[in-house]
Amino acid sequence: PPAHSHSDWIGPPDRHSNLRPVIFYAPPEESALERRLREARQEAQASNQRFWARHNRAFRQEKEEFIYSRLKAKGLEMRDESGQKATLNAEEMADFYKDFLSKNYKKHLQYNRDWYKRNFRITFLMGQVALVRALRWLRRRKKNVEQ
Amino acid sequence: GLFVWCLRNTGVRWIPCRFVRLYHEANDRLITFQYFNFLKRMYVTQCNKDLSQRAKPKSDSIVSPFHELQQLDQEKKVVHKISPVSPVHQLWSEMSSRNELREMKSAAETEDSVIPVRAESKEDRQWKEMKLRLDDLPGILARLSKIKLTALVVSTASAGFAMAPVPFELTCFLLASLGTGLASCAANSINQFFEVPFDSNMNRTKNRPLVRGQISPLLAVCFAASCGIPGIALLTLGVNPLTGALGAFNIFLYTCCYTPLKRMSIANTWVGAVVGAIPPIMGWTAATGSLDAGALLLGGILYSWQFPHFNALSWGLREDYSRGGYCMMSVTHPGLCRRVALRHCLALIGLSTVAPVLDITTWTFPVISLPINLYISYLGFRFYRDADRSSSRKLFFCSLWHLPMLLLVMFTCKKSVLEKEDKGDLPRGSHEMAMEIRLP
């Protein structure tokens, strides 16, 4: 994002976490409230990024291992004669999906709780900031009218 | 669009002649059906473009009207190829890129792949300023409120209204439809507000406004409040308190029960089915002011319909659900998934037969609807037995036209109010037969 910009910028989805990173703009006259909001958003972004990058990587890895072990059990190689990667069909993969979901169930519950808390907090702070800004703008307008 | 059509074609005056009135009302329904067909066609073409889309009803219920409708994105389908640099991770190790390539290829080759190899469009790769542009706002809000799903929810509510055994009142109908639409917009917006990181990780939902940062969460919540509060107020004050209460309850059920439950237990599917069943009940109570057996029957038909629709759809999305952490029957209890779908296809036959018993339709309804009900049950049985992608897709696509057709047939077989008057049934007779729940 350009250096002179006064707003936040959002980027393309991250390769690992599929989340879009945001670069937050910190104005020089940022109030304490605004700073809290920005830091909360940054923290939430970092935490989400960590979680999903790790989670997706684990998924990919375990999927590979599963395919490998199943192919091995069937006596096949990872690549067939034409060099194409051998795959399992949907029904065989279903076992893996079920397993993966149940293994990560607790992790997801914990993440959900955190995410909901963070989301509410950030939105509430946004509301407070918006309110303060609106009041400030109204006060300024009243002052302009009086002058 | 739908309402304009209705206004143009519905006769506002009370026409004593039954035939003329039926003709007008049938015209009304025909337009709805055409609208359904139009939406269905859009839905189907969307489906062909991106296999991972599915419809869910209100509050993302399982289908439109009940489950989320596929995102009807007007944007062109982007094809992604592996981009070499990610903005956050500067270093791109050889190992990981090779793995990425292999994984992408294997995903493409997997029979059940819902992640086609795509090349990233230039636009998508760029950094965008997070500034709200006013001319983008209508489009953004339409996507936030899942406007097409909302439209189908409103259609089922109007079906409930049309099936109620009372003379048709246009203002009541419009108010009820508007109120339901607003409530649905609110519920869908809150749902998207809750699900941002999960939506980013699923192919079907990653182009939503909150995911792309086109709108702030605060604005989404404000929009939801500004739709929901007037919507429920309109229903409570402009129609009747019962409908308002049902609307508020449905919003609550969708946002606070179904959405969190999706990640905790497979019971979410049943809750979502109830969410989808409530709009026609709301339509009925808007017309009659009371909760009759007819309302519950209509709700029951929609409830049962949800299962073949959603279960068939979710069969193809198992990988995304598993990775995203969604607890769905198709992933955790696949046998149950198929059994339930079949069970409810058969239940539809049963419910269609009950309709004339409750004096909602004539006996021609179960007879005429039998072929389509049998067909969907047959596809449900095939899905149960084969449990593969093709049978799930067939069942899903069948469910898309099955519901509008069933509702249309039901409407054309509706027992006319005049007929009941002749038999001396109205108003006391129908009330004696029906359960009545009145709110003060």
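The values are calculated or read from the model by the stated rules, or taken from the named source; none is laboratory data. Remember, predicted model here, so these are calculated numbers, not experimental data. Don't worry about glycine lacking a Cβ; one is built from the backbone with ideal geometry, like all the others, and counts go over all protein chains shown. These accessible areas exclude ligands, DNA and RNA; they are computed on the full protein's heavy atoms, side chains included. Shrake-Rupley method; radii C 1.70, N 1.55, O 1.52, S 1.80 Å.
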(message) So for the range A:28-44 (the condition being open to solvent by less than 40 Å² (accessible area, probe 1.4 Å), under 14 Å from the mean Cα position of the chain (by Cα) and within 11 Å of chain B (Cβ to nearest Cβ)), does at least one residue qualify?
(response) yes
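Against the definition (without any contact (Cβ under 8 Å) to a residue 12 or more places away in the chain and surrounded by 23 or more Cβ atoms within 10 Å (Cβ to Cβ)), how does B:SER200 come out, yes or no?
yes
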(request) Go through the range B:205-218 residue by residue and tally those that are open to solvent by less than 10 Å² (accessible area, probe 1.4 Å) and assigned to a helix (DSSP H, G or I). (result) 1
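From the list A:ASN104, A:ASN144, which one is among the polar types (S, T, N, Q) and touching a residue at least 40 places away in the same chain (Cβ under 8 Å)? Don't jump to the end; show me each part of the working.
On the way: A:ASN144 fails: touching a residue at least 40 places away in the same chain (Cβ under 8 Å).
So the residue among A:ASN104, A:ASN144 that is among the polar types (S, T, N, Q) and touching a residue at least 40 places away in the same chain (Cβ under 8 Å) is A:ASN104.
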(message) Can you tell me which residue is surrounded by the fewest Cβ atoms within 10 Å (Cβ to Cβ) among those in the range B:290-344 that are under 26 Å from B:ASN250 (Cα atoms) and among the hydroxyl-bearing types (Ser, Thr, Tyr)?
(response) B:SER290
(request) Output the residues belonging to the range A:9-27 that are farther than 22 Å from A:ASP114 by Cβ, open to solvent by 30 Å² or more (accessible area, probe 1.4 Å), within 13 Å of chain B (Cβ to nearest Cβ) and assigned to a loop (DSSP other than H, G, I, E, B). (result) A:ARG15, A:TYR25
(message) So if I check each of B:SER399, B:SER390, which one is in a helix (DSSP H, G or I), of a type in the set (Ser, Thr, Tyr), assigned by the TED database to the domain that holds B:THR412 and open to solvent by less than 20 Å² (accessible area, probe 1.4 Å)?
(response) B:SER399
(request) Test B:VAL153 against the criterion of being in contact (Cβ under 8 Å) with a residue 40 or more places away in the chain, surrounded by fewer than 24 Cβ atoms within 10 Å (Cβ to Cβ), in contact with a helix residue (DSSP H, G or I) (Cβ under 6 Å, 6 or more places away or on another chain) and outside the structural domain of B:MET410 (by the TED database), and give yes or no. (result) no
(message) Looking at B:LEU348 and the list (1) in contact (Cβ under 8 Å) with a residue 12 or more places away in the chain; (2) under 22 Å from B:VAL274 (Cα atoms); (3) open to solvent by 10 Å² or more (accessible area, probe 1.4 Å), which single condition is not satisfied?
(response) (3)
(message) Among the residues of the range B:160-175, are any at pLDDT below 85 and either under 31 Å from the mean Cα position of the chain (by Cα) or not aliphatic (A, V, I, L, M) (or both)?
(response) no
(message) With the requirement that a residue be within 9 Å of another protein chain (Cβ to nearest Cβ) and open to solvent by less than 60 Å² (accessible area, probe 1.4 Å), what does the range A:54-66 give you?
(response) A:HIS55, A:ASN56, A:PHE59, A:ARG60, A:LYS63, A:GLU64
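Evaluate the following for A:SER69: is it surrounded by fewer than 13 Cβ atoms within 10 Å (Cβ to Cβ), in a helix (DSSP H, G or I), modelled with pLDDT under 95 and more than 9 Å from chain B (Cβ to nearest Cβ)?
For A:SER69, the condition - surrounded by fewer than 13 Cβ atoms within 10 Å (Cβ to Cβ), in a helix (DSSP H, G or I), modelled with pLDDT under 95 and more than 9 Å from chain B (Cβ to nearest Cβ) - is met.
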(request) Determine if the range B:125-136 includes at least one residue that is hydrophobic (A, V, I, L, M, F, W, C) and open to solvent by less than 10 Å² (accessible area, probe 1.4 Å). (result) no
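Okay, residues lined up against (1) out of contact with any Pro (no Cβ under 7 Å at 6 or more places or on another chain); (2) more than 14 Å from every other protein chain (Cβ to nearest Cβ); (3) surrounded by fewer than 23 Cβ atoms within 10 Å (Cβ to Cβ); (4) not in a loop (DSSP other than H, G, I, E, B):
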site	(1), (2), (3), (4)
B:CYS172	yes, yes, yes, yes
B:LEU182	no, yes, no, yes
B:GLY228	yes, yes, yes, yes
B:LEU237	yes, yes, yes, yes
B:THR243	yes, yes, no, yes
B:GLY247	yes, yes, no, yes
B:ASN250	yes, yes, no, yes
B:ARG263	yes, no, yes, no
B:GLY272	no, yes, no, yes
(message) So A:ALA130 ticks every box in (1) farther than 28 Å from A:ARG60 by Cα; (2) under 23 Å from the mean Cα position of the chain (by Cα); (3) surrounded by fewer than 17 Cβ atoms within 10 Å (Cβ to Cβ) but one. Which box is left unticked?
(response) (2)
